[in-house]
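Have a look at the structure below, then the notes.
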Amino acid sequence: MNSQKHELIERLEATTSASREDLAALLAAGPAESEALFAAADRVRATAVGAEVHLGALIEFSNHCRRNCLYCGLRRGRRDLPRYRMAPGEIIAAARAAADLGYRTVVLQSGEDRAYTAEALAEVVSAIKAECDAAVTLSIGERAQREYAMLRRAGADRYLLRIGTSAPKLYRDLHPDSDWHWRLMCIHALRSLGYQVGSGVLIGLPGQTLEMLADDLLFLQWLQLDVIGVGPFVPHPSTPLGGAPRGTLELALRFVACLRLLCPQALIPATTALGALHPEGRRMALQAGAEMLMPNATPVRYRRCYPSYPGKTNLVEDAAQGRRRAEEMIAGLGRRVARD
Ligand code: SAH
Ligand code: SF4
């Protein structure tokens, strides 16, 4: 093994700090060095957050979106996608069903859909909080500070708002109707309102270099996030980036491992996009620093209509089966489901 990279890994494990150049070198690591990197991240995960794996039930309640992000299968410019909206009662019922399966967190996700007012969503959140013993995570994009505040008052605990990339220019190229600085302001606003905040980037975007990904790692560390959700870019054929090369599983796993070494305490999900690249992708991430899974708990009839990227494997598996498969994966790794 390249002893220089081995030293880098040891230093990063001991100090949680590394330069941009060092991180770019680790992201470019070959197979043997990657194994050492994954092992170091797994050790830090075991020491900093333990053997428990957190589970969140993902409910994708609307696929309408007013934005046109170039990579996303839900973008508004896409005409071939049947669109759906779950009624408030349906969302609450899905959350209740997830809580009955043992979930202590539900994640409500959608496109940026203004048909749901903050008032309506606040009622959904407070009903879930009243009826279920569960934390509520929101992932519904950019909203006014007033709306974030209302949802927080209604009981929402956590908010996931991915920034996609730390490079404002690349962000502009990929998000024709969104502003990088504004999105960062939203992240800060959410934190000041008392949310636990999550963000993250896509790995392997067209035009993204290893140096830019190293910057992303340092940026995500600097943000001091509670949750860091990252995944490979998976081209969707019905989008302008449909012909672009996909991100690789190996690079995404190295990114996850570096994240764990930089942010020992963060919640780092093994995201569904990792599973889209390889049937064992999520399990591999759990062995490279991740300690959270978000199985899909959306009613099965809507699943085909929420393909932000292709290759989602769980189009037929219902919430109970998804939960069981996650539990089996966790038990197979000798770990256990977190109860909090
Ligand atoms: N509209 C909200 C949440 C839903 S989109 C938002 O944008 O914040 C959920 C996530 O799916 C996005 O943050 C994006 O990172 C991811 N995603 C979309 N298209 C993708 C693709 N082609 N490959 C990988 N991830 C993708
Ligand atoms: Fe809409 Fe989110 Fe997809 Fe962008 S990433 S098009 S905001 S659903």
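Brief remarks on what is shown
- Inside region 269-308, residues that are closer than 17 Å to Tyr84 by Cα and of a type outside the set (Lys, Arg) make up a count of 10.
- Candidate set: region 82-100, residues that are within 16 Å of ligand 1 (Cβ to nearest atom) and out of contact with any Pro (no Cβ under 8 Å at 6 or more places or on another chain); chosen: the one nearest to Ala115 (Cα to Cα): Arg85
- Exclusive hit being in contact with a His (Cβ under 7 Å, 6 or more places away or on another chain) and at pLDDT 95 or above, set Leu249, Leu193, Leu205, Leu218: Leu249
- Residue match in region 145-152 (condition: of a type in the set (Phe, Trp, Tyr) and in a helix (DSSP H, G or I)): yes
- Summed over region 285-303, the residues that are open to solvent by 20 Å² or more (accessible area, probe 1.4 Å) and either without any contact (Cβ under 8 Å) to a residue 40 or more places away in the chain or within 19 Å of Tyr103 (Cα to Cα) (or both) give a count of 4.
- Any hit, region 251-259, residues being closer than 17 Å to Ser308 by Cα, β-branched (Val, Ile, Thr) and not in a loop (DSSP other than H, G, I, E, B): no
- Residues that are of a type outside the set (Gly, Ala, Ser) and under 19 Å from the mean Cα position of the chain (by Cα) within region 286-304 comprise Leu286, Gln287, Glu291, Met292, Leu293, Met294, Pro295, Asn296, Thr298, Arg303, listed in sequence order.
- Region 68-104, residues that are of a type in the set (Lys, Arg) and under 24 Å from Val125 (Cα atoms): Arg83, Arg85, Arg96, Arg104
- Condition met for Leu138 (surrounded by 16 or more Cβ atoms within 10 Å (Cβ to Cβ), of a type in the set (A, V, I, L, M) and under 27 Å from Arg246 (Cα atoms)): no
- Selection status of Gly73, assigned to a loop (DSSP other than H, G, I, E, B), buried (at least 18 other Cβ atoms within 10 Å of the Cβ), within 16 Å of ligand 1 (Cβ to nearest atom) and of a type in the set (Gly, Ala, Ser): yes
- Just one of the listed residues (Glu90, Glu35) is without any contact (Cβ under 8 Å) to a residue 24 or more places away in the chain, more than 22 Å from the chain's Cα centre (by Cα) and open to solvent by 20 Å² or more (accessible area, probe 1.4 Å), and it is Glu35.
- Extreme residue, most open to solvent (accessible area, probe 1.4 Å), among residues of region 159-202 that are more than 16 Å from ligand 2 (Cβ to nearest atom) and part of a strand (DSSP E or B): Gln196
- Residue pairs meeting the criteria (Cβ under 9 Å; at least 6 apart or on separate chains; first within 22 Å of Asn68 (Cβ to Cβ), in region 110-135; second part of a helix (DSSP H, G or I) and of a type in the set (Val, Ile, Thr)): Tyr116/Val124
- In this structure, Gly155 qualifies as in a loop (DSSP other than H, G, I, E, B), more than 10 Å from ligand 1 (Cβ to nearest atom), at pLDDT 95 or above and touching a strand residue (DSSP E or B) at 6+ places or on another chain (Cβ under 8 Å).
- Restricting region 229-249 to residues that are closer than 13 Å to His278 by Cα and more than 9 Å from ligand 1 (Cβ to nearest atom), the residue that is most open to solvent (accessible area, probe 1.4 Å) is Thr248.
The values are calculated or read from the model by the stated rules, or taken from the named source; none is laboratory data. On a predicted model such as this, the values are computed, not experimentally measured, just so you know. So basically every Cβ, Gly included, is an ideal-geometry build from the backbone, and we count neighbours across all protein chains shown. Surface areas here come from the heavy atoms of the whole protein model, side chains and all, with no ligands, DNA or RNA. Shrake-Rupley method; radii C 1.70, N 1.55, O 1.52, S 1.80 Å.
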